[in-house]
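Since the structure comes first, as structure tokens, the remarks are kept for the end.
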Amino acid sequence: MPAISPYIIDPIWEQFEALLPERNVVDHPLGCHNPRIPDKVVFEKLVQVLVFGCAYERIADQGCSATTLRRRRDEWIASGVMEKLQRIVLDAYDWMIGLDLSSVSVDGCITKAPCGGQKAGRSPVDRGKQGLKRSMVVDANGTFL
């Protein structure tokens, strides 16, 4: 089931595909490795995760595992493709609808981070337990920036 109509998602995919770095196709000499899942399949599943707001495991199926989704997402983030796509989408939104930056709202919250991590620090509101601050910026119409 597509998360977004093809007439909307196909132009976004075409721009996203143009941003992807060239990959060298490596055939294993014994032919025993599984072929790489096509980027378009992974892209459409990541869009489903964003639209439906569910876990990778719920979107994964026989054709693409949750591990593949996470791995490819991380690969695209590391290469800077996702940041470029975000800029393209915001520019297109501004051109079609217009970002109203006359009033910008910023909000944040401190969440628990029981497993810690490099970005987690001491939470001032939870008796010094590990915490993580999340922030969000929206324009006057509620569009995420």
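Can you tell me which residue is surrounded by the fewest Cβ atoms within 10 Å (Cβ to Cβ) among those in segment 40-62 that are over 17 Å from residue 5 (Cα atoms) and touching a Lys or Arg at 6+ places or on another chain (Cβ under 9 Å)?
Applying the filter and picking the extreme gives 61.
If we only count helices (runs of 4 or more DSSP H) wholly inside segment 1-108, which ones have 3 or more residues that are aliphatic (A, V, I, L, M) and either over 19 Å from residue 143 (Cβ atoms) or at pLDDT below 90 (or both)?
Hits in segment 1-108: 6-19, 39-52, 66-78, 81-96.
Within segment 126-143, is there a residue that is touching a Gly at 6+ places or on another chain (Cβ under 8 Å), modelled with pLDDT under 65 and exposed (fewer than 13 other Cβ atoms within 10 Å of the Cβ)?
Among the residues of segment 126-143, not one is touching a Gly at 6+ places or on another chain (Cβ under 8 Å), modelled with pLDDT under 65 and exposed (fewer than 13 other Cβ atoms within 10 Å of the Cβ), which makes the answer no.
The values are calculated or read from the model by the stated rules, or taken from the named source; none is laboratory data. Predicted, not measured: the structure shown is a model, and the values here were computed from it. Note: ideal-geometry Cβ built from the backbone for every residue, glycine included; neighbour counts use all protein chains shown.
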